[in-house]
Every structure is written in structure tokens, then in C-alpha cells.
Amino acid sequence: MPIDPEDYLAEWERRVAQQTALTTELSERMKRNTATVESRGGEAVVTVDSSGGLAGLRLDERAMRLSPDELASIILDTSRRAQAKVAQQVTEIVNSMYGASSETAYFISNAYHQQFPEPPEDEERDRR
């Protein structure tokens, strides 16, 4: 039985609309995605937005007793950890929407993890 062109076109339009809605939802969820991480010693709390940019910084009084280089190191390390957390959250978002084995989820997740890799666990302590 031949395929009815109108049925084919209607199905294609339905799939395009479904994919558009899914992409719009993904975009909105990713825009709202932020990560907040406290430094290992509690001197700083860093929040980054979905693009990994600094969205907030809170310093504890302990931070004021550090040298400028020590404080800068702690802030950078904490920021990198927050960025890695954003990448992990993006993975969770795309996996929940597209499935962990989908090419779309892999592509987006991999791009974020390459841009924001997990820093070494002892990076902050090594600089002190």
C-alpha cells in the first residue's frame, strides 16, 4: 500500500513540532542552570551561571586573613569546581530529556565536560 503524502507530511510536521518543543525546553532549563560551590576551607562561596561565568561570590572573614595570591587561588579553584558542577548538571538535564544513550545527550554533555573539566581534587591544597 503506497504511503499517503499528506499523512507523511503530517507526521513529519508532528515530529518537527515535538523536537522544537524539546529543544526549547532544553534551552530554558540550561539557562536556569547555576552551580554554587563552597571552597574546601569555607573562605569563599562561588556561583556560576550556565555558561560558566561568575554569577556570585561571597567571602568569609577567613578570606581576609589570606594573602592576595592565596585568596585568588582559592577563588579560581572554587570557580572551576562550580563550572564542573554545571557540566554535571547539564549531563543530568540532557540525559533526562533525551536519554543517556542518545547522540544529542552525548554531544551536549561532552562539550560541557571538555569546556569545564573536573579539577584535580587536591589542586587548592597544593597551592598553599
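What follows draws every value from the coordinates through simple rules; no lab data is involved. A quick note: this is a predicted structure, and the numbers were derived from the prediction, not measured. Note that we place each Cβ from the backbone using ideal geometry, even for glycine, and neighbour counts take in every protein chain shown.
A few remarks follow.
- Within the chain: Cβ-based charge dipole about Cα centre, in debye rounded to nearest 20 (Lys, Arg +1; Asp, Glu -1): 480 debye
- Using the average count of surrounding beta-carbon atoms within 10 Å as a protection proxy, the listed peptides 68-77, 38-47 rank, highest first, as 38-47, 68-77.
- Helix-derived mean residue ellipticity, 222 nm - over the chain, DSSP H n ≥ 4, -39500 (n - 2.57), to 500: -20500 deg cm²/dmol
- Summing Lys and Arg as +1 and Asp and Glu as -1 over all other residues whose Cβ lies under 12 Å from the Cβ of T34 gives a net charge of +3.
- The residue list Q114, T20, G53 was ranked by how far each Cα lies along the charge dipole of the chain toward its positive end, using unit charges on Cβ atoms, and G53 comes out on top.
- Each semi-axis of the equivalent ellipsoid for the chain is √(5λ) with λ an eigenvalue of the Cα gyration tensor; in descending order they amount to 44, 13, 8 Å.
- For segment 29-86, the C-alpha radius of gyration divided by 2.2 N^0.38 Å, with N the number of residues, is 1.11.
- FRET efficiency, 1/(1 + (r/R0)^6) with R0 25 Å, evaluated for E61 and T34 via beta carbons: 0.50
- Proximal charge balance of W12 [Cβ under 13 Å; K/R count +1, D/E count -1]: -3
- Peptides 79-89, 17-27 ranked from most to least packed, by the mean per-residue count of other Cβ atoms within 10 Å: 79-89, 17-27.
- Charge dipole of segment 33-126 about the Cα centre (unit charges at C-beta), most positive-ward option of G99, A87, L66: G99
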